[in-house]
Structure formats: C-alpha cells, structure tokens
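The values are calculated or read from the model by the stated rules, or taken from the named source; none is laboratory data. All values reported here derive from a predicted model rather than from experimental measurement. All Cβ positions, glycine included, derive from the backbone under ideal geometry; neighbour counts span all protein chains shown. Just so you know, the surface numbers come from the protein's heavy atoms only, side chains and all, with ligands and any DNA or RNA stripped out. Shrake-Rupley method; radii C 1.70, N 1.55, O 1.52, S 1.80 Å.
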Amino acid sequence: MRNGEIGYWMAQPDLDWPTAPSVDGDESVDVAIIGGGLTGLWTAWAIKQLDPHASVHVYEAEQLGYGASGRNGGWLSSKQIGLRSVLANGAGGRAGVVAMNERQKRAVYEVVDLLGADTIHARRGGALQVARSPSELARLRAYIDKSRQWSVAEEDLRLLSAEETSERVNMTRLVGGMYSPHCFTVDPARMVASLARLARDAGVELRSSARATAIQSGTFMVEGHTIRAGWIVIATEGYTSLQPNQRRAMLPMNSSMLITEPIAPADWKRIGWSEHEGVSSTAHTYFYGRPTVDGRIAIGGRGTPYNFAGSFDRPGRVDGKTIEALQATLDDLFPDVSMTPAHAWSGVLGILRDWSPYVDADEEAGILRVGGYAGQGVTGAYLGGQIAAELVLSRRTELSDSPWVRPLPSKWEPEPLRWIGANALYGVYGWADRLERHRNDGRTSALATIADKFARRG
Ligand SMILES: Cc1cc2nc3c(=O)[nH]c(=O)nc-3n(C[C@H](O)[C@H](O)[C@H](O)COP(=O)(O)OP(=O)(O)OC[C@H]3O[C@@H](n4cnc5c(N)ncnc54)[C@H](O)[C@@H]3O)c2cc1C
C-alpha cells in the first residue's frame, strides 16, 4: 500500500497541469497571491473576471494543489460552512447567514459548470449523513429542526428513514439519515488542475516552487527575489501557522484518508451507492466516504487530530494506527465485502478558534487573509476567492458584505494547552460514542456536549 506522496489523487499519472515555472528574478505585480490551492486560484481567477487588466500572480511553495486542495475527500457540498451562531454576530446578522447559505447552494453548480463535470469526474449524488444509533438519529432531527429556523427548506435538507438510507448505501446498523441534494463528489487533483488552467487562460501567471518569506506590506521574498505587489493575498490555510506571528491564528488539523483498490462489481451490487452520495457519519468521531468513478471507496477521518506545536508530515504519511482505524471503519460498514487498501494519506485543514471562515482585508497594509473553512473548503474556497477579489478591487456586492468579512477571531491557546486540549477532546468524543452505543437510548452523552462547549463548537 502506498502511504503519503501527497495522496492518491495527486499521484495519478494522467493529470494535465498547466506550466507553473519557478521565480527567476524580481517581479512587480498588482496582486500577488500566496498559496496555490483552491483559494489562491479562485481568488486569482475572480480578480481577472472583475478586472482583466489587473496583473495577478499566484506563488505556490511546492506544486499547485499540494495542500488540502489536492488531497481532500472531494465533496463539493452546500453543507453549512462555519457556525451560524458565530457568523450571525457579524455583518448582515441572521439575514446575512441565510443569504450566504443560498449563495453556497448555487456555488456547487457554478463550480461544476466552470470546471467541467467530466473533467473533474463530478457526480451529483447529494450529501447523505447517516445515523447508526438512536442518539445519532436524535442529533440529525435536532439539526434539521434548527436548520428550519435558518430558512433551510425541506427540499434542501430532509430526514430519511432507515430503509430510504440503506436503499442509497447498504451500510450496517443504519437507523436513518439526513439528505441534501446539493453535493457533488469530484476528483480533487483534477479539480485543482482544471481551475489552474481556467485561471491561466484568464491571464493569471502561475509560479511553483515559490515559497514566500518575509511577507510585509507591499513586498515579500521568493528564493532571494523580491516580489512587489499592490495587494498581497495570503491563502495558505493550514500552513498559515508556519508564518511568523501566525502560530496561534489557524490550527493545522490533520485529516487522513484511505482509498481501496477497485471493488468487484458483484460487491458493488450489494453496497449500492450508485448515485455517488458523499456519506458522512453522525458519530462524534466521525468518518466521511465516497465512491470513485473507477469503483473504489475513499474514506476519511481524523486519526491523530493535532500534533504538538502544529507540526505535520508535509507529504502526508499516515501512522499505522490511523490506517488500521480507517480500515476497521470500512470493515464495520461493509463486513461482507472484501476491500484491499491501495493508498493512505493525510493533509491539514485550517481551523480558526471559532470554527468559522474569515476574509480580512487590511487596506492600509494591502494584505488580505482568507480561509478557515475547516473541512468545507472545496466549496468555501470558491466563495472566499470571490469575496477576496471584490475586497481587493473595492467592488461591493452582497458577497463582500457577507458575514465572512471579519477580522481574525481570538487566537488558539498557547502550547501545551492546545495540544492537550485538541487530543483530549477527540479522546472524549471516542468515549462518548462508545457510551451512546452501549446505552442505545437516543440521548447524546453529556461528555460530548461538554467537549463541544469546550471546543466552542456547540
Ligand atoms: C484529508 C482532507 C479531506 C478533506 N475533505 C474535504 C471535502 O471533502 N470537502 C471540503 O469541502 N473540504 C475538504 N477538506 C478541506 C479542503 O480541502 C480545504 O478547506 C481547502 O482545500 C482549502 O484550500 P486552500 O487553497 O485555502 O488551502 P490549501 O489547499 O491547503 O492551499 C494552501 C497552499 O499554500 C501553500 N503555501 C503555504 N505556505 C506558503 C508560502 N509561504 N508561500 C507559498 N505558498 C505557500 C501550500 O503549499 C498549499 O499548497 C479536506 C481536507 C483534508 C486535509
């Protein structure tokens, strides 16, 4: 089994990348974007849509798509990004949050239209969150009730019975599910490659092996060369904590994935999953999974959520314990199907202290920071990029007045508190799941509720 190597998607031999040379001299540009993931590329593309004359360069430290963008689960979904209660405190209040949710719903279709459904292997199966215990089902009901208060309609989010859920995907112990039709599964690396071509064709210049250092107002360095820019957009998500003075701004949280070898057609008949739904669990220690167009299953979960001082393995190697846990989840879901693991990898999400995204433009310094989508950046980056473009060009629409436009929330706790807290929380979530399964009575464990409050997720 392969391990790391930036993940299965990026290791595919037939990806069609546009050229992205390294920097070989000083450069001067209207907008310099640091980070060649989905956020950086969407921002660059959106700026060129609004102002084709602006010169825009993207500087990527490694290769385009190297970060979470090329290694994620490939859910392009309309699932809420960030916490509604947090975002409603900002610009636009409740109405702003509701408007942003509507915008996000449209975004998933726009992205597929722009990048090409076939090109990015997009399949529209919707998002299916499964309940495998009475307490999980109770949480789904409560979530739907709460969503109705935020104007989420039945046609956009609804409860499914156990039968309806297992007709879609035949997993063990299903007691119900929650379904939204607005989700595509995509191939993340093909998505980044297609977007990079779109940006390049719009006139964006792409640079790889171009690590930005000494970032300050109007300038930064790349390999000894000086880059001068009217605006600098920092789109480095989970990698932000590596920058000076940013250690406690964005927590780099690990997410790990495992993909199987192609599964036999007879086994697929038993599993179902023919619509390619993006499936997630409602357990506190949750998993997410999806099929691929060539008949594999890719499954993800937290593994070791956070390493001391935010360190992480750059190429994404996964420890044996995490691989075993992901394999055990597959065996538990589909005990009658034989699956061979093909490749495991990990990447980092960027998590702000209040678990909600932000776009923060310092007009005086000409520096904009964007991100913090936690596990929802595949759609989030498209919106974050458009907001960033509007702010940089001083264009105002409902997007640039959205609740995402806000300063950095409070910082994460210093070490070792952050490390102890993050890992203790996931330990507690594991206990809570076991307790709920044992009790089997529909109540959510108080342990999990306290952990949510402590993490400020509840
Ligand atoms: C395993 C996993 C599964 C996920 N699954 C999903 C999913 O199914 N759906 C979903 O919506 N979201 C998912 N996410 C989250 C999603 O992938 C991210 O939110 C999104 O890709 C963030 O994009 P980004 O461009 O902001 O950041 P990234 O893709 O992380 O890009 C940041 C880039 O900045 C570069 N960089 C860093 N420092 C510098 C520097 N100094 N100079 C130049 N470049 C620099 C990095 O090399 C990197 O390429 C997942 C994430 C992971 C890790």
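Helix 188-201 against the longest principal axis of the chain: what's the angle in degrees, Cα atoms only, rounded to the nearest 10?
Helix 188-201 and the main axis of the chain meet at about 30 degrees.
With point charges of +1 on the Cβ of Lys and Arg and -1 on the Cβ of Asp and Glu, referenced to the Cα centre of the chain, which listed residue (195, 22, 70) lies farthest in the positive direction of the dipole?
70
Where the centroid of each part is defined by its Cα atoms, how far is the range 355-420 from the range 258-332 in Å?
29
Report the FRET efficiency, 1/(1 + (r/R0)^6), for residue 245 and residue 340, where r is their Cβ-Cβ distance and R0 is 45 Å, rounded to 0.05.
So, using R0 = 45 Å, E works out to roughly 0.45.
Amide H to amide H, which residues 5 or more places from residue 342 or on other chains are under 5 Å from it, using H placed in the peptide plane?
Residues meeting the amide H criterion: 259, 260, 261.
In what sequence, highest mean first, do 284-294, 249-259 appear when ranked by Cβ atoms within 10 angstrom?
The packing order, highest mean first, is 249-259, 284-294.
Compute the Rg to Rh ratio over the range 361-423 from the alpha carbon atoms, using the Kirkwood formula for Rh, and round to two decimal places.
1.08
Tell me, what % of the accessible area of the chain is carbon and sulfur with a 1.4 angstrom probe?
Using a 1.4 Å probe with all protein chains present, the chain comes out at 51 percent carbon and sulfur.
Measure nothing fancy, just the Cα-based angle from helix 38-50's long axis to the longest principal axis of the chain, in degrees from 0 to 90, nearest 10.
50
Mind running the shape call on the range 178-253? Use the C-alpha gyration tensor, a ≥ b ≥ c as the square roots of the eigenvalues: rounded below 1.5 for a/c, prolate if a/b tops b/c, oblate otherwise.
On the way: a/c = 2.63, a/b = 1.41, b/c = 1.86.
Oblate is the answer for the range 178-253, as a/c is 1.5 or above yet b/c matches or exceeds a/b.
Charges at C-beta only: +1 for Lys and Arg, -1 for Asp and Glu. How large is the resulting dipole of the chain about its Cα centre, in Debye rounded to 20?
1320
With a/c under 1.5 counting as rounded, go ahead and sort the chain into rounded, prolate or oblate using the C-alpha gyration tensor (a ≥ b ≥ c being the square roots of the eigenvalues; past the cut-off, prolate if a/b is larger than b/c, else oblate).
Details: a/c = 1.59, a/b = 1.44, b/c = 1.11.
Because a/c hits 1.5 or more and a/b exceeds b/c, the chain counts as prolate.
Could you count how many Lys pairs in the chain have their Cα atoms under 21 Å apart, skipping same-chain pairs fewer than 8 positions apart?
Close lysine pairs found across the chain: 5.
Mind checking the full-extension length gain between residue 102 and residue 221? Use 0.36 nm per residue of separation minus the Cα-Cα distance, one decimal, nm.
Details: separation 119, 0.36 × 119 = 42.84 nm, distance 3.97 nm.
In short, 38.9 nm is gained.
Taking the dipole about the Cα centre of the range 127-180, with the C-beta of Lys and Arg at +1 and of Asp and Glu at -1, give me whichever of 151, 172, 135 is farthest to the positive side.
So the residue we want is 135.
Classify the range 127-180: rounded, prolate or oblate, from the alpha-carbon gyration tensor (a ≥ b ≥ c, eigenvalue square roots; a/c under 1.5 rounded; otherwise prolate if a/b is larger than b/c)?
In terms of gyration-tensor shape, oblate.
Could you check the simple spin-label distance between residue 214 and residue 438, using points 7 Å along Cα→Cβ, in nm with one decimal?
Roughly 5.9 nm, to one decimal.
Quick check: the angle from helix 377-392's long axis to the longest principal axis of the chain, C-alpha only, nearest 10 degrees?
30
With +1 on the Cβ of every Lys and Arg and -1 on the Cβ of every Asp and Glu, and nothing else charged, how large is the dipole of the range 4-100 about its Cα centre, in debye rounded to the nearest 20?
Dipole magnitude for the range 4-100 comes out near 880 debye.
Using alpha carbons only, how many angstrom separate the centre of the range 12-79 from the centre of the range 157-201?
The two parts, judged by their Cα centres, are 25 Å apart.
Gain in length, residue 155 to residue 420, computed as 0.36 nm per residue apart minus the alpha-carbon separation, to one decimal in nm?
Net length gain for the segment: 91.2 nm.
List, in order, the whole-Hz ³J(HN,Hα) value for each residue of the range 81-96 obtained from phi through the Karplus relation with A = 6.51, B = -1.76, C = 1.60 and θ = phi - 60°; use x for Gly and Pro.
9, x, 9, 4, 5, 6, 5, 5, 6, x, 4, x, x, 4, 4, x
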